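**Q** Just passing along the structure, written as structure tokens.
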Amino acid sequence: MSPPSLIDVHPNLAGTAPVALSYELFPPRSAAAAETLWTTIRELEATEPDYVSVTYGASGSNRDTAVDLINRLLTETTLRPLAHLTCVGNTPTELAEIIGELLDHGVRGILALRGDLPQDGQPATGSLRYAQDLIELIRRVELRRSALLCAGKIAVGVAAYPTRHPESPSEGHDVEVLLAKQRSGADFAITQVFFHASEYAGLVSRARRAGVTIPIIPGVMPLTSLRRLKRLGELAGVEPSRELIERLGAAETEGERRRIGVAATVDLANAALDAGAPGIHLYTFNEHAHALDVLDKLNLPRPSKALHRIKSAVRQEFAH
Ligand code: FAD
């Protein structure tokens, strides 16, 4: 038996790492939506998340608004964007161009996705077929720009599925795909929405058994809107909890519905954390109120950048 590694036993490395916090936003579809989105962004910024992810249309339909939003996040806020990118509707040349554009703007995190297939179920002619192909393309673009990326390589994230992906033959196949994405260069995964913590815990244990070592961050939506729960359940092929649907439906006021939904979300996120989740990714639907209610009750152990800012301000004050 080999002796324990010095790194494993070093006292300064003992203890738990802080829990990661991130939010998902989508590019606004109108000027009015942009205005409310910016109120949301400012509210979320105050909670000092590790990053905010920005979604991308399946065929690159909203490329300009997505890039604009990312650019503004980089230049007008302290937030670090994680750019979603889908490959199903674009050729490798087009994708290499957009990856280059994102890097030029200062993006250092990309969530590599396939995107949903068009109606006929076939990827567009000449487009990449799987998210795995996109990861490999990102890594090739990165290699060509190694010298420019000395102070921060690209972090590549991927999607993971606590319940079977609708096109997949089995949950076991989903884990094989996740392992293949890791081998191609994925650094972390964010999960599809789920409504039972056992589904997240099951994914993590299947993935670890198969050799997946990257962090698998649970994607959690505020469970406060009955309409959204049902719609998302249908879109993602995930069955929401019947009991929660009934309780939300029976609520007599909006306030009561919000309390029930927030409590259910907090329970779900806490159960995922108990199952070893390294962070929480909140699907905000571009609204901050319910996401912040959830965050407030979760009480996550988070490093405070505010403290660093105060210390640095005090140091500067004494330097003068
Ligand atoms: P893949 O990993 O390529 O998998 C797609 C299907 O192909 C699966 O059934 C898989 O089992 C199968 N498969 C994969 N590789 C292989 C292989 N080598 N051989 C055989 N079968 C294979 N969609 C958007 O349009 N825009 C977004 O911004 C967006 N953001 C998302 C964020 C998160 C966190 C998640 C979980 C999903 C997001 N989606 C988004 C939805 C996503 O695009 C769909 O779920 C899509 O159907 C699959 O994408 P994927 O990246 O998982 O694809």
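Please treat every number below as a calculation from the coordinates, not as lab data. From a predicted model like this one, the values you see are computed outputs, not experimental measurements.
**Q** So what is the relative contact order for the chain, in percent, with contacts set as C-alpha pairs under 8 Å and at least six apart?
**A** 17
**Q** For LEU282, list long-range residues whose amide hydrogen, built 1.01 Å from N in the peptide plane, is under 5 Å from its own amide hydrogen.
**A** HN-HN under 5 Å from LEU282: SER22, TYR23, GLU24, VAL220.
**Q** Rounded to whole Å and ordered largest first, report the semi-axes of the equivalent ellipsoid of the chain derived from its Cα gyration tensor (root of 5λ).
**A** For the chain, the ellipsoid semi-axes come out as 28, 27, 24 Å.
**Q** Just from its helices, what would the mean residue ellipticity at 222 nm be for the chain, if runs of 4 or more DSSP H residues each count -39500 (n - 2.57) and the sum is divided by every residue, rounded to the nearest 500 deg cm²/dmol?
**A** -15500 deg cm²/dmol
**Q** Given H placed on each backbone N at 1.01 Å, which residues far from LEU82 in sequence or on other chains put an amide H within less than 5 Å of it?
**A** Residues meeting the criterion, in which the H sits 1.01 Å from N, are VAL52, SER53, VAL54.
**Q** What percent do you get for the relative contact order of the range 171-268 when only Cα pairs under 8 Å and 6+ apart count?
**A** So the answer I get is 31 percent.
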